[in-house]
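Every read-out reported here was derived from the displayed coordinates using simple, explicitly stated rules and does not represent laboratory data. All of these numbers come straight from a predicted model, not from anything done at the bench. Here the Cβ is made from the backbone with ideal geometry for all residues, glycine too, and neighbour counts use every protein chain on show.
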Amino acid sequence: MTVVRRLANEEMKLAVRLSDDTFRDAEQTSMGTAFPFIFSDAAAHLSYGAFEADGRLVAFMGLVPWTVRIGAAELSVLSLGSVCTEPSARGKGYASQLLQQVYAFAREAGASLLLVSGDRSLYTRNGCAPFGRVLRYRVNPAQAQTLLAGGRGEEGIVRELRADDLFALHAAMASRPVRYCLGVNELAMLLKAEAFASIMKMSQRVLVHESGGWIKGAAVIGVSRKSDGYGTVLEHAGDPEALAALFGEAVRRYGLSTLDVPVPWHERELQTKLDGIPDETENHPGTVGIMDGDALIDQLRPWLRERGDISELILKQREDGHWLLGRTGGPPPAIYTSQQLIRLIFDCSGARDEPAPEGAEAFRDLFPVPFPYTAGLCYI
């Protein structure tokens, strides 16, 4: 008999072993090191597993809670990752059972959203969909020189992070109106863990732009360990002009042939500083599922209130999985699939090219909602 349940603290070592066997090779650190909020003994473990009759853990789903700040609003969000099943146990429906448990827990806990690191049919047939719109710029050495010339300024210094910069770095990260909310210790833990960099077999560097004794900007950079000269910005915060200098210096300092710079659609000032650099539009990595419509509207209320009238806004899910979005006392609510609703609320890379869902114009004053980049330090 198979039991699907939440793991106890002492069982997390079994989850680390299964995750390492599934996702890691000899060149990578253990998942237990790279993802401390899933596996650490200090974490409040919310993750679920499937145990066969002999007590073996044969399937696992890691679950991590976050508070995501959207202007004045705070969303209660869960991230799902490190989803794995032992080869001998695949095809038995364990992943579907685990996901049902995760969904039930998310709703009981008051989470409005579930962020998923993957886009498998397991998730998309259960209401998850691509979301957000991210512009990915690709900076070459010639463009890096232009960024340096225009962004550094006479008194600006671009250097690597020092230990005594931690409070200033935290302040820069916390100044972003759209962000994952992290304490100083959480930030330090994630910088040390190098989660996404370890997946991509990269070394992680942190550059800061200091001017007049103040840190004006910071960027976490992943640098390929191969000789391909590739790098990517994992996290950034601060003044757009300072960030432009940081990106240029990263290319110069680490000998990069290409630096990818993902910028969510709402960071328009930074996009202006990168104008002229080739970019492609994509979604946030992974997918998102709306766990509770009432909770989502309630948690978003402070941000939505600044954009329009939301006093009678309703968002309800029907038994068939479709969603009703409307206003009490107004026209009949519009009916959306999960994919259509997520596209309306959070935008997506194809939103500008596809016809808008029926009834979407009635909510253009409220949506789309911005969201922090999901493949940064807080990637799960």
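Per-structure values
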read-out	value
Gain in span if fully extended, Asp365 to Met1, counting 0.36 nm per residue against the direct Cα distance	125.8 nm
Least to most buried among Asp347, Asp260, Asp119, Asp25 (fewest other Cβ within 10 Å first)	Asp25, Asp119, Asp260, Asp347
Dipole of region 160-268, positive end: most advanced residue of Met200, His266, Gly231 [Cβ charges, Cα centre]	Met200
Values of log10 I(q)/I(0), in the order q = 0.13, 0.14, 0.19, 0.32 Å⁻¹, for region 39-92 under a Debye, Cα-only, solvent-free model	-0.46, -0.51, -0.75, -1.20
Using distinct alpha-carbon pairs, which all enter the 1/r mean, Kirkwood radius of the chain in Å	22.0
Potential lengthening between Phe167 and Ser257 on full extension [0.36 nm per residue; Cα-Cα distance subtracted]	29.2 nm
Cα pair count fraction exceeding 23 Å, expressed as % - region 3-111	29
Charge dipole magnitude, Cβ of K and R +1, D and E -1 - the chain, Cα centre, debye nearest 20	400
Order of Tyr230, Tyr94 - criterion: other Cβ atoms within 10 Å of each residue's Cβ, fewest first	Tyr230, Tyr94
Packing-based exposure ordering (other Cβ within 10 Å, fewest first) of Glu312, Glu319	Glu319, Glu312
Label-to-label distance, nm, for residues given as Arg327 and Glu108 (7 Å Cα→Cβ offset)	3.8
Backbone HN-Hα couplings from phi across region 25-34 [Karplus 6.51/-1.76/1.60, Hz, Gly and Pro as x]	10, 5, 8, 10, 5, 4, 4, x, 7, 6
Chain lengthening between Glu319 and Trp214 when straightened (0.36 nm per residue, less Cα-Cα)	32.4 nm
Spin-label model distance (nm) - Lys226 vs Ala26, 7 Å beyond Cα toward Cβ	1.9
Ellipticity estimate at 222 nm from DSSP helix runs (n ≥ 4, -39,500 (n - 2.57)) divided over the chain, nearest 500	-8500 deg cm²/dmol
FRET efficiency for Arg301 and Glu280, using Cβ-Cβ distance with R0 set to 41 Å, rounded to 0.05	0.75
At R0 = 45 Å, FRET efficiency that the Cβ-Cβ distance of Lys92 and Ser203 yields, to 0.05	0.70
Antiparallel DSSP beta bridges within the chain, percent to nearest 5	90
Long pairs among Lys92/Lys226; Lys192/Lys226; Lys92/Lys192; Lys13/Lys216; Lys13/Lys316; Lys192/Lys216, criterion Cα-Cα beyond 31 Å	Lys92/Lys226; Lys92/Lys192; Lys13/Lys216; Lys13/Lys316
Quarter of Cα convex hull surface for region 134-282, i.e. mean projection, nm²	8.3
Region 3-111 - charge dipole about Cα centre, Lys and Arg +1 at Cβ, Asp and Glu -1, debye rounded to 20	300
Under the Karplus curve 6.51 cos²θ - 1.76 cosθ + 1.60, θ = phi - 60°, whole-Hz ³J(HN,Hα) for region 125-135, x wherever Gly or Pro sits	7, 10, x, 8, 7, x, 7, x, 9, 10, 8
